[in-house]
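Take a look at the structure set out below.
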Amino acid sequence: MAAVRLCAPIFVLLALTGCAGDNYVPKEEPSFYRSLAQPGAKLDDAAAASMISGYRANNGLPAVTLDPELTRMAQGQAEVMAQRDKLDHAAGKPFNVRLKAAGYNAKTAAENIGAGYHTLAEAFSGWRDSPPHRANMLLKDATRLGIAAVYTPKSKYKVYWAMVIAQPDDRKN
């Protein structure tokens, strides 16, 4: 019984402090849970890089940083798939052709695509749970990343995704 009496004042104090401030503003929903299946929604690519880097770190691999060229490639692929309403690595041109056309010098690179994932968390989970996509996110020496999501209201998928991960080859010019 003594423990109940000691806890009661603490409970009352906590309850009162929770109601005391009229200035309380609830925290915004984390960007990785924000639906991209709506007009004007923007992917938080920094959150994506952080999420993928954390996953890589948990698997003993180096972090990735956002790369503007890889982001442009991912954006282009997501847009082409959205325009054609077709999930396909070669919807525009094959990945290796696009990588070369962009002039990106990579020792190794890989691409993940997806459709129908409305949030970054869903896309990440889908890729993590698919062995080939997981292997791409865990590309051994990768240090650069580009990621994009494109909303397309007339598609049954609503959102198309593309992610490019690479190990740059700094020896090439």
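The values are calculated or read from the model by the stated rules, or taken from the named source; none is laboratory data. Just so it is clear, the structure is predicted and the values come from calculations on it, not from any experiment. Glycine also receives a Cβ, built like all others from the backbone with ideal geometry; neighbour counts cover every protein chain displayed. Only protein heavy atoms, including side chains, enter the accessible area calculation; ligands, DNA and RNA are left aside. Shrake-Rupley method; radii C 1.70, N 1.55, O 1.52, S 1.80 Å.
Output yes when any residue across segment 135-145 is part of a strand (DSSP E or B) and either within 26 Å of Arg34 (Cβ to Cβ) or of a type outside the set (D, E, K, R) (or both), and no when none is. The answer is yes; a qualifying residue exists.
Would you call Asn105 at pLDDT 95 or above and more than 16 Å from the chain's Cα centre (by Cα)? So that I can check it myself, show each step before the final result.
Working: at pLDDT 95 or above: no; more than 16 Å from the chain's Cα centre (by Cα): yes.
Spelling it out, it is not the case that Asn105 is at pLDDT 95 or above and more than 16 Å from the chain's Cα centre (by Cα).
Looking at Ala123, Ala166, Ala148 in this structure, which one is surrounded by 21 or more Cβ atoms within 10 Å (Cβ to Cβ) and more than 14 Å from the chain's Cα centre (by Cα)? If you could, list the steps in order and put the result at the bottom.
On the way: Ala123 fails: more than 14 Å from the chain's Cα centre (by Cα); Ala148 fails: more than 14 Å from the chain's Cα centre (by Cα).
Every option except Ala166 fails the conditions.
On inspection, Val80 passes the criterion of being at negative phi, among the aliphatic types (A, V, I, L, M) and more than 13 Å from the chain's Cα centre (by Cα).
Identify, please: which residue in segment 30-61 is charged (D, E, K, R) and open to solvent by 30 Å² or more (accessible area, probe 1.4 Å) and is, among those, nearest to Tyr160 (Cα to Cα)?
The first filter runs over segment 30-61 and keeps only residues charged (D, E, K, R), leaving 34, 42, 44-45, 56.
Then keep just the ones that are open to solvent by 30 Å² or more (accessible area, probe 1.4 Å); that gives 34, 42, 44-45.
Values: Arg34: 15, Lys42: 13, Asp44: 15, Asp45: 15 Å.
The residue in question is Lys42.
Taken across segment 98-115, residues that are out of contact with any Pro (no Cβ under 9 Å at 6 or more places or on another chain), open to solvent by 20 Å² or more (accessible area, probe 1.4 Å), more than 18 Å from Thr71 (Cα to Cα) and not in a helix (DSSP H, G or I) do not occur at all. Does segment 63-74 include one or more residues that are buried (at least 16 other Cβ atoms within 10 Å of the Cβ) and closer than 18 Å to Thr119 by Cα? For segment 63-74, residues buried (at least 16 other Cβ atoms within 10 Å of the Cβ) and closer than 18 Å to Thr119 by Cα: present.
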